Amino acid sequence: MLFNDLRDWIAGVEKMGKILRVSKADRDKEMGTIYEIVARKLKKSGVSILFDDIPGFAGHRCLFSTYDDPEIISATMNFSLVENYSTLDVVRAYKEKIRAVSPIPRKVVETGPVMENVERGDDVNMLQFPAPLLTEFDGGRYLGTDHGVIMKDPDEGWVNVGTYRMMAQDKKSISLFISPGKQGQVIRKKYLDRNLPCPVAVTFGHSPLLSLVFGTETPNGICEYDYAGGIKGEPIEVIEGPETGLPIPAHSEIAIEGYCIPGDNAPEGPYPEWPDYYGSSSRSEPLVRVKSIMYRNNPILLVSHHVRGICFFRSLVRSALHWAELESLGLRDIKGIWRYEEGGTREFNVISIKQRYYGHARQILHLFSQVPAGAYAGRWDIVVDGDIDPSNIKDVVWALSTRCDPAKDISFIERARSTPLDPLVFDKEKNYYNSRALVDACIPYEHLGDFPRPIGASEEYLEETYKKWQHLWA
Ligand SMILES: Cc1cc2nc3c(=O)[nH]c(=O)nc-3n(C[C@H](O)[C@H](O)[C@H](O)COP(=O)(O)O)c2cc1C
């Protein structure tokens, strides 16, 4: 299945029984709480909710999207799963898909559905869109939660697109929080440090393939549109924004353009963040002054609401990207990676390897912790042997309990890259450092031959016996 836009995707996913339609829910807390009940209390993984007839917003809809389901991810990414797949099989399939990707340049088209309505200058009114208040503790209504912020590097000329939360402020302005060190933050700073306005465009509803790419760590210097085109196997169609000339998906539901101006900030947050805390209270963040908006008729605002402990898709995609990056450095014998949802997909990460030489486990462990795909906001990085499934916490705890000698096998990195969203970063204005524990839970290489055998029959004999006694299990 190849989805061109959000509407195609909704139709496809509805056939899979994964869309719930809800009418007349209020955008303040009610929509967010209904979604939380479905995801967390009812544990309906992968069910997106399409809200319509939103009081006060006739003709507008909101899709609370989720990609927390292997079938939805494979349909969105256009790859097939093996039967009886495990979590690691899906990570591997995703990793193989992106390892084979060659970016396909985006295609500029004259016009597209996003231009059905164009409003500029005095006509700009961002408050016409049903930005939700997700929980009662949020600092404001968030218009940008599953969106793409488009900026062009002023020195190198390439276009970056990332998901960075945006809180509605008034008719013509919206704030933009980007964590330190993200490509988007580096680009924006280049303009602001030179006292120049930073042109920004934003898409607020597009094919979820773009969401998967915008919200995860695409390699530096590659435009996310071109990367997504490579995954899709055909170019992403974009129009050039009438205000900034920045490329905007032609099939976007809603898009805006404007500028961040040096020193032009406003209070932003708190927001329910990925470590499952309101990571920081209200802080001053840059505004985007909006000059132009575009939207389709009956637009659908795409919303991502982070619910405690649930972010399978981010675990999956980040594990696959991390694995692909390590392999691209020439590291072989990686058997799997899993970045735990409970660690916000960043703070508790496990890699399993087949050890081939002295020092192999530590070499992999250090790189695992610090390559671009893994360096941001980590805490626990653990290496285990290939017989351990990194996505199985029981296996991991067994390896930690029996193969790791804490005094010898745990080392630390201090002053590592973090974010104000880290609950253990107490200075929310600067000093965004944390430390990393690098945990080697592999059998010491020199003892691979004489380490005690795990109890139980061998896998081969288990299989043979299973087949021979099949009538017992029928
Ligand atoms: C739903 C969602 C919301 C996100 N919100 C933010 C955010 O508010 N700020 C931020 O810096 N990163 C956020 N991220 C993570 C970035 O989008 C991600 O790290 C991305 O790779 C950044 O792109 P960049 O490396 O090109 O800057 C979010 C990711 C997702 C999936």
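Looking only at helices (runs of 4 or more DSSP H) that lie completely in the stretch 1-111, which have at least 1 residues being under 30 Å from residue 336 (Cα atoms) and touching a strand residue (DSSP E or B) at 6+ places or on another chain (Cβ under 8 Å)?
Where helices (runs of 4 or more DSSP H) fall fully within the stretch 1-111 and carry at least 1 residues being under 30 Å from residue 336 (Cα atoms) and touching a strand residue (DSSP E or B) at 6+ places or on another chain (Cβ under 8 Å), they are 6-15, 87-99.
Restricting to the stretch 378-422, name every residue that is within 16 Å of the ligand (Cβ to nearest atom) and in a loop (DSSP other than H, G, I, E, B).
Selection gives 378, 418, 419, 420, 421, 422.
Can you pull out every residue in the stretch 40-56 that is buried (at least 17 other Cβ atoms within 10 Å of the Cβ) and modelled with pLDDT of 95 or more?
47, 48, 49, 50, 51, 52, 54
Identify the single condition in (1) over 21 Å from residue 97 (Cβ atoms); (2) surrounded by fewer than 21 Cβ atoms within 10 Å (Cβ to Cβ); (3) within 16 Å of the ligand (Cβ to nearest atom) that residue 259 does not satisfy, given that it satisfies every other one.
Evaluating residue 259 over (1) over 21 Å from residue 97 (Cβ atoms); (2) surrounded by fewer than 21 Cβ atoms within 10 Å (Cβ to Cβ); (3) within 16 Å of the ligand (Cβ to nearest atom) leaves (3) as the failure.
Within the stretch 120-135, can one find any residue that is closer than 30 Å to residue 51 by Cβ, within 13 Å of the ligand (Cβ to nearest atom), of a type outside the set (S, T, N, Q) and modelled with pLDDT of 95 or more?
yes
Of the numbered conditions (1) assigned to a strand (DSSP E or B); (2) in contact with a helix residue (DSSP H, G or I) (Cβ under 9 Å, 6 or more places away or on another chain); (3) of a type outside the set (D, E, K, R), residue 258 satisfies every one except a single condition; which is it?
Evaluating residue 258 over (1) assigned to a strand (DSSP E or B); (2) in contact with a helix residue (DSSP H, G or I) (Cβ under 9 Å, 6 or more places away or on another chain); (3) of a type outside the set (D, E, K, R) leaves (2) as the failure.
Confirm whether residue 332 is part of a loop (DSSP other than H, G, I, E, B), more than 16 Å from the ligand (Cβ to nearest atom) and either basic (Lys, Arg) or not assigned by TED's automatic domain parsing to the domain that holds residue 400 (or both).
yes
Which residue pairs have Cβ atoms closer than 8 Å, lie 6 or more positions apart in sequence or on different chains, and pair a first residue in the stretch 398-418 that is of a type in the set (S, T, N, Q) with a second residue that is outside any strand (DSSP E or B)?
418/376; 418/377; 418/425; 418/432
Listed here are the residues, each with its yes/no results for (1) within 30 Å of residue 130 (Cα to Cα); (2) surrounded by fewer than 17 Cβ atoms within 10 Å (Cβ to Cβ); (3) basic (Lys, Arg).
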{"site": "301", "(1), (2), (3)": "yes, no, no"}
{"site": "305", "(1), (2), (3)": "yes, no, no"}
{"site": "310", "(1), (2), (3)": "yes, no, no"}
{"site": "320", "(1), (2), (3)": "no, no, no"}
{"site": "328", "(1), (2), (3)": "no, yes, no"}
{"site": "346", "(1), (2), (3)": "no, no, yes"}
{"site": "356", "(1), (2), (3)": "no, yes, yes"}
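Restricting to the stretch 90-136, count the residues that are more than 20 Å from residue 226 (Cα to Cα) and of a type in the set (Ser, Thr, Tyr).
The number of residues fulfilling the criteria is 1.
How many residues are basic (Lys, Arg) and closer than 15 Å to residue 134 by Cα when one looks only at the stretch 20-48?
3
Working carefully through the options 324, 375, find the one that is surrounded by fewer than 24 Cβ atoms within 10 Å (Cβ to Cβ), among the aliphatic types (A, V, I, L, M) and part of a loop (DSSP other than H, G, I, E, B).
Answer to the check: 375.
Restricting the search to the stretch 33-81, which residues are acidic (Asp, Glu), more than 25 Å from residue 97 (Cα to Cα) and touching a residue at least 60 places away in the same chain (Cβ under 8 Å)?
36
The values are calculated or read from the model by the stated rules, or taken from the named source; none is laboratory data. Only a predicted model underlies this, so the values are computations on that prediction, with no experimental measurement involved. So basically every Cβ, Gly included, is an ideal-geometry build from the backbone, and we count neighbours across all protein chains shown.
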